[in-house]
Amino acid sequence: MAKTLDDDARTAALAELDGWAWDAGRKAITRTLLFADFNAAFGFMTRVALAAERADHHPDWSNVWNRVEIALTTHDAGGLTNKDIALAEAIDGYARLAGCRAPD
Ligand SMILES: C[C@H](O)[C@H](O)[C@H]1CNC2=NC(N)=NC(=O)C2=N1
């Protein structure tokens, strides 16, 4: 099973990511993304879903029209692991490609 990251490792990893925040209560990193419309948001989600399946590591997320809220944690390990960091990096790449913006 993947090992959970300690505070220093988590802080270092977050510094390399775009717009992710640590949610201590959920033991997850979270990011909210806005897209031009539902089509752009769902296209992004489809790409992430395929990458998540390949990695067998899945986001906790929700979508309302052009807004996607994402939380990443490793349920099996009970906290944040490198699997979450790798998925966050992939998400950041797909988000940039899909022309996302930060929430207002
Ligand atoms: C059996 C299967 O490998 C596990 O349930 C995987 C699937 N996707 C997963 N995704 C996440 N985020 N955490 C997990 O612990 C996890 N476990």
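Where a number appears in this text, it was derived from the coordinates with a stated rule and is not lab data. As the structure is a computational prediction, the values presented were derived from the model and not from experiment. Cβ atoms come from the backbone with ideal geometry, glycine included; neighbour counts cover every protein chain shown.
Here are a few things to note about the model shown:
- Taking the Cα centre of region 1-77 as reference, the dipole from Cβ charges on Lys and Arg (+1) and Asp and Glu (-1) amounts to some 140 debye.
- Mean sequence separation of contacting Cα pairs (under 8 Å, at least six apart), scaled by the length of region 7-98, corresponds to a relative contact order of 31 percent.
- Span from the region 1-32 Cα centroid across to the region 58-86 one, whole angstrom: 10
- Relative packing of 87-94, 39-46, 2-9, which averages over residues the other C-beta atoms within 10 Å, highest first: 87-94, 39-46, 2-9
- Extension gain, S62 to D7, is 17.1 nm, computed as 0.36 nm per intervening residue step minus the present C-alpha separation.
- Taken over the chain, the ratio of Cα radius of gyration to 2.2 N^0.38 Å equals 1.02.
- Helix 38-55 vs. the chain, principal-axis angle (Cα, 0 to 90°, nearest 10): 30
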